[in-house]
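Quick notes on the structure that follows.
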Amino acid sequence: MIDLAEQRAALMADVAVFKKECIELWFVPELAASYSNRDFFSYSIIEDDQVFFMIEQARQLWAFWNKAKANAVPEGSILVTESEIDTFWQDDEEPENCVNKERDFNNLGDCLEIEDITSITKRHVAYLAASKVYGTWVTKLEAGQLKKDYFFVGSREECEEIVETNKSLYPSRSGANQ
């Protein structure tokens with residue numbers, strides 16, 4: 001069970017953040033200063049842990065602020081519009097078979113007999129960013145043989161350096177000494 005004192009402390013901390021963010025708005029400092037005889041942000045916590053501001057404008061700001069928080073994109077998340085979402089269908093038994101248009105469904109059934117049924121996953125994806133990268137094999141010389149060690153992915157310049165290093169490991173293969 002949540003401790004009421006902790007819940008109240010969290011609510012008071014939320015009010016403190018609210019006050020700090022409000023003071024950064026262009027009109028709030030002047031509005032708050034117009035209440036010379038009392039604190040613009042004076043409030044009470046009433047039943048059901050509701051914050052009640054004594055001044056109507058502060059109460060309205062609190063309502064706007066809470067509504068904005070409720071509609072905000074959570075930190076660490078991004079907002080994607082529906083137009084940025086694509087759909088494709090992928091054969092579960094042979095995942096390399098996929099189509100992105102309903103008119104291409106016949107391709108998913110190419111290897112099926114009339115009485116066969118296959119499982120297909122309909123996927124919705126959003127491509128957020130794309131960047132060009134390059135890849136090449138990093139090699140090693142083993143018993144006089146050039147062997148693939150691992151596949152490197154990075155910039156074109158990095159790949160070109162690796163290719164040059166590969167050539168230097170086995171010059172007769174690359175024709176570098178001819």
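The values are calculated or read from the model by the stated rules, or taken from the named source; none is laboratory data. Fair warning: this is a prediction, and the values are worked out from it, not measured in the lab. Glycine gets a Cβ as well: all are built from the backbone with ideal geometry, and neighbour counts include every protein chain shown.
For the stretch 75-89, check the following and say yes or no: at least one residue is small (Gly, Ala, Ser), modelled with pLDDT of 90 or more and closer than 30 Å to Leu25 by Cα. Yes, the conditions are met somewhere in the stretch 75-89.
Here Val138 does not fit the description of being assigned by TED's automatic domain parsing to the domain that holds Ala10 and either of a type outside the set (S, T, N, Q) or farther than 30 Å from Glu24 by Cβ (or both). Note on the stretch 1-24: residues that are surrounded by 11 or more Cβ atoms within 10 Å (Cβ to Cβ) and over 15 Å from Val51 (Cα atoms) total 3.
Among the residues making up the stretch 111-165, those that are of a type in the set (Val, Ile, Thr) and not in a strand (DSSP E or B) are Ile114, Ile117, Thr118, Val133, Ile162, Val163, Thr165.
Taking the conditions (1) within 30 Å of Cys22 (Cβ to Cβ); (2) modelled with pLDDT of 90 or more; (3) of a type in the set (D, E, K, R); (4) over 26 Å from the mean Cα position of the chain (by Cα) in turn, Asp49 satisfies each one other than (2).
For Ser77, state whether it is within 26 Å of the chain's Cα centre (by Cα) and in a helix (DSSP H, G or I). Explain how you work it out, then say what you get.
On the way: within 26 Å of the chain's Cα centre (by Cα): yes; in a helix (DSSP H, G or I): no.
It is false that Ser77 is within 26 Å of the chain's Cα centre (by Cα) and in a helix (DSSP H, G or I).
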